[in-house]
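The values are calculated or read from the model by the stated rules, or taken from the named source; none is laboratory data. Nothing here was measured: the structure is a model prediction, and the numbers come from that model. Note: ideal-geometry Cβ built from the backbone for every residue, glycine included; neighbour counts use all protein chains shown. Side chains included, ligands, DNA and RNA excluded: accessible areas come from the protein's heavy atoms. Shrake-Rupley method; radii C 1.70, N 1.55, O 1.52, S 1.80 Å.
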Amino acid sequence: MASASSVALSGLGARNLLQFLRLVGQLKRVPRTGWVYRNVEKPESVSDHMYRMAIMALVTRDDHLNKDRCVRLALVHDMAECIVGDIAPADNIPKEEKHRREEEAMKQLTQLLPKDLGKELYELWEEYEAQSSAEAKFVKQLDQCEMILQASEYEHLEKKPGRLQDFYDSTAGKFSHPEIVQLVSELEAQRNADIEAATSEPHS
């Protein structure tokens, strides 16, 4: 068993780790751009989004997936946004340029960690970006599912059912994993019932 002294950080290692944690901590203060552009009051942060994604990965019942890897992918996939911000489709930044900026940010972040840890985080981010595994594909669908779940919650809070329909439209045809398809189906049924109830109410 490793002794405490063998895993202790050097002074430089501790400073770099603290800098890494401060940078990642900025995700708590980076709002999700899509909600900002739609004038949602008190929009969630990027870390809010990633936290629920990680929980969604944690509670999957799919034994064919490496659950631990799914959780790690969820926690890493938007990490670069602590440096580059949340670049949304409405920003009209080409996909290649978005990837380049995020790749540079991930290199900057992971260089602050011990080599093996930095390599692990960077490779997780690459795996998600390339959609090169079943776990990465699953987590990408969790990303979309969490977004529309959040949209429905904002509609409920604002008492404006259907206001954020464009977020739902953007996910059309994106879900294929049976567990997520079932979850989205239930979410849409509840949301449609709310919309129908609102439209059937007499206006004063």
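To put it simply, the accessible area of segment 96-159 at a 1.4 Å probe is 53 percent carbon and sulfur. Residue separation of S176 and R163 scaled by 0.36 nm, minus their Cα-Cα distance, works out to 2.1 nm of gained length. Shown here for segment 1-91: GluC sites (Glu not before Pro) in loop regions (DSSP other than H, G, I, E, B) with at most 15 other Cβ atoms within 10 Å, namely E41. Computed over the chain, the per-residue total of -39500 (n - 2.57) for DSSP H runs of n ≥ 4 gives a 222 nm mean residue ellipticity of -21000 deg cm²/dmol, rounded to 500. Note on segment 73-159: Kirkwood hydrodynamic radius from all Cα pairs is 14.3 Å, rounded to one decimal.
Calculated on C-alpha atoms, the gyration radius of segment 121-204 divided by its Kirkwood radius gives an Rg/Rh of 1.11. Rolling a 1.4 Å probe over the protein chains gives E196 an accessible area of about 130 Å².
Average accessible surface for segment 62-204: 57 Å² per residue, computed with a 1.4 Å probe over protein heavy atoms with every protein chain in place.
Each Lys and Arg Cβ is given +1 and each Asp and Glu Cβ -1; about its Cα centre, the chain then shows a dipole of about 720 debye. Per residue, the convex hull spanned by the Cα atoms of the chain amounts to 145 cubic angstrom. Ranked from largest to smallest solvent-accessible area, with a 1.4 Å probe on the protein heavy atoms, K107, K119 come out as K119, K107. Note on E126 and E201: the extension gain reaches 22.1 nm, defined as 0.36 nm multiplied by sequence separation minus the Cα-Cα distance. Once the gyration tensor of the Cα atoms in segment 1-113 is diagonalised, the equivalent ellipsoid follows with semi-axes of 28, 21, 14 Å, ordered largest first. Modelled label positions at E97 and E186, each set 7 Å beyond Cα in the direction of Cβ, lie 4.2 nm from each other.
With every protein chain in place and a 1.4 angstrom probe, the accessible-area ranking of H64, H99, largest first, reads H64, H99. Separation of segment 74-92 from segment 94-170 is 7 Å, based on Cα centroids.
Placing a label point 7 Å from the Cα of H64 along the Cα-to-Cβ direction, the residues of segment 116-133 whose backbone N falls under 19 Å from that point are 131-133.
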